[in-house]
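One structure is given below, encoded as structure tokens.
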Amino acid sequence: MSVYLDNAATTKPCAEAVSAAVDAMTENYGNPSSLHRAGLDAQLAMDSARKIIASSIGADSSELYFTSGATESNNLALRGASAAYGKKRRKIVVSAVEHASVDETAAALEKNGFEVTRVSPREDGRFYAEDFISACDDETCLISVMLVNNETGYIMPVKETFSAVKRRFPDIITHCDCVQGYMKLPVKATALHADLISLSAHKIHGVKGVGALYIRRGVRVLPIVTGGKQEKGVRSGTESVPLIAAFGAAAQKLRPTISERYARAQELKAHLLGRLAEIGGISVNSPDDGSPYVINISVGGKRSEIMLHFLESRGICVSSGSACSKGQQSGVLGQFGITGKRADSALRISITAETTEAELDELCAALREGMEKVRG
């Protein structure tokens, strides 16, 4: 592929992550639960990665638990916290634009007797902390709000929401899916007032197949995978040391440059929007103040799937929404007031700080060509 602009789906593993994974597979391949030297070395490698990642969100390493990815982390957060705190308080509050791994888990809990309140944006397309606070009450055990929407880049009012919730209802457990914000925005557990935070490695130039859940000390989360004592019994199963080591290496590389990379992404977004404006017939669905790493557009009434494959024929990779949706029309866009043909023609462009202006120019040239050649 010549131009890859689907980084919200997955990122290219950085050299440091690949090296760490290869070393753990070829040299440091012991089982971290084994009591011999090879097991100890694997455990030490895992401990090092845990410390790096936990420190990056202002947490202690004892508060970080490795999972198979953000989907499992979100499931563990919602199912585990509701099992621990939902015997008497049977209400859960979530935003209406959560990733499917939160939304569908909430729906499953709803079928099991929980009341689920989904908070939508107002008519101006924005979310307000007071709407989440109004949705909470003494019967609420958990609130889950993502930091950055994976389809539009909208930055949710997590800090304002969770801080107010904690002041009014201190027993409510707060969970934040930080997958699209981690290593792009500053993510600090205490600043967000989050009891639980979900992270993913392959969104930050790590390797697929590993994620993490931050669980604030003192918060109970009952396991959903049982059978061993790994991860202090919270998540059973032999840990994947190669993937975990790669996760730590990626976090260590990116952490010092979050602000610089964010500024660069803002420059790239501004460049892209300027070039798109020259084409005409393209609507921008992402907010001006959203994450610059995700730009959602609608292309002149041309169906997303058809335009996506046209761009692919020109060596350009974008998406029509969340990778987990497998091309199905997004309900998230509808929540933001993007419906009908505009939703049908939506494309998500997601960049990194390493994306170039030349690559964005190539995308815009292909979009211009596509608008002339592609039939709706």
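Listed by position, the helices (runs of 4 or more DSSP H) inside region 214-325 whose residues that are open to solvent by 20 Å² or more (accessible area, probe 1.4 Å) and farther than 28 Å from Asn74 by Cβ number at least 3 are 258-279, 304-313. Residue under question is Leu142, and the condition is that it be modelled with pLDDT of 95 or more, open to solvent by less than 20 Å² (accessible area, probe 1.4 Å) and in contact with a His (Cβ under 7 Å, 6 or more places away or on another chain); does it hold? Answer is yes for this residue.
Residue-by-condition table, conditions (1) hydrophobic (A, V, I, L, M, F, W, C); (2) modelled with pLDDT of 95 or more:
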position	(1), (2)
Lys229	no, no
Arg235	no, yes
Pro242	no, yes
Arg261	no, yes
Arg264	no, yes
Lys269	no, yes
Val284	yes, yes
Tyr293	no, yes
Gly300	no, no
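Within region 102-113, restricting attention to residues that are open to solvent by 10 Å² or more (accessible area, probe 1.4 Å) and among the small types (Gly, Ala, Ser), the residue that is farthest from Ile338 (Cα to Cα) is Gly113.
Summed over region 98-127, residues that are part of a loop (DSSP other than H, G, I, E, B) and touching a strand residue (DSSP E or B) at 6+ places or on another chain (Cβ under 9 Å) total 6. The condition (being surrounded by 22 or more Cβ atoms within 10 Å (Cβ to Cβ) and over 24 Å from Gln230 (Cβ atoms)) is satisfied by just one residue among Val116, Val94: Val94. Does Ala59 fit the bill of being open to solvent by less than 40 Å² (accessible area, probe 1.4 Å), touching a helix residue (DSSP H, G or I) at 6+ places or on another chain (Cβ under 8 Å), farther than 25 Å from Pro170 by Cβ and of a type outside the set (Val, Ile, Thr)? No, not satisfied. Evaluated against (1) open to solvent by 10 Å² or more (accessible area, probe 1.4 Å); (2) within 18 Å of the chain's Cα centre (by Cα), Ala189 falls short on exactly one condition, (1). Set side by side, the residues Ala49, Ala83, Ala8 differ, and just one is modelled with pLDDT of 95 or more, assigned to a helix (DSSP H, G or I) and crowded, with 21+ Cβ neighbours inside 10 Å, which is Ala49. Per this entry, Leu44 is counted among residues that are without any contact (Cβ under 8 Å) to a residue 24 or more places away in the chain, among the hydrophobic types (A, V, I, L, M, F, W, C) and more than 17 Å from Val207 (Cβ to Cβ).
The values are calculated or read from the model by the stated rules, or taken from the named source; none is laboratory data. Here the structure is a predicted model, which is why all the values come from computation and not from measurement. All Cβ positions, glycine included, derive from the backbone under ideal geometry; neighbour counts span all protein chains shown. The accessibility values were calculated without ligands, DNA or RNA, using every heavy atom of the protein model including side chains. Shrake-Rupley method; radii C 1.70, N 1.55, O 1.52, S 1.80 Å.
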